[in-house]
Amino acid sequence: MSASQSLAVQDRKYHKKKALVEKFIKKSGKIDHSVILNNVDVDYDTLMRILSDLRSEGRIK
């Protein structure tokens, strides 16, 4: 697997996790880190990046 393919796979995985986190937040109405970590298969660093991205995109407050 080339480096660009590896990055594409990582990017796909990130966007899939991002979609799961966003769906969970909309369903539960909570942006509590511990609740998300306990209910969505995502590590802390990735979650922080996702939350930052969602805030900058205006999808969450």
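I'd like the carbon and sulfur percentage of the solvent accessible area for the chain, probe radius 1.4 Å, heavy atoms only, ligands and nucleic acids excluded.
That fraction is 50 percent.
Taking 35 Å as R0, compute the FRET efficiency from the Cβ-Cβ separation of residue 12 and residue 32 and round it to 0.05.
0.85
Quick check for you: with a 1.4 Å probe and neighbouring chains kept, what is the accessible area per residue of the chain, in Å²?
Per-residue value: 74 Å².
When the helix-only estimate is applied to the chain (DSSP H runs of n ≥ 4, each -39,500 (n - 2.57), divided by the residue count), what is the mean residue ellipticity at 222 nm, nearest 500 deg cm²/dmol?
-25000 deg cm²/dmol
The values are calculated or read from the model by the stated rules, or taken from the named source; none is laboratory data. What you are looking at is a predicted structure, and each value in this text was computed from that prediction instead of being measured. For neighbour counting, all protein chains shown are included, and Cβ atoms are generated from backbone atoms with ideal geometry for every residue, glycine included. What goes into the accessible areas is simple: the full protein's heavy atoms, side chains included, and nothing from ligands, DNA or RNA. Shrake-Rupley method; radii C 1.70, N 1.55, O 1.52, S 1.80 Å.
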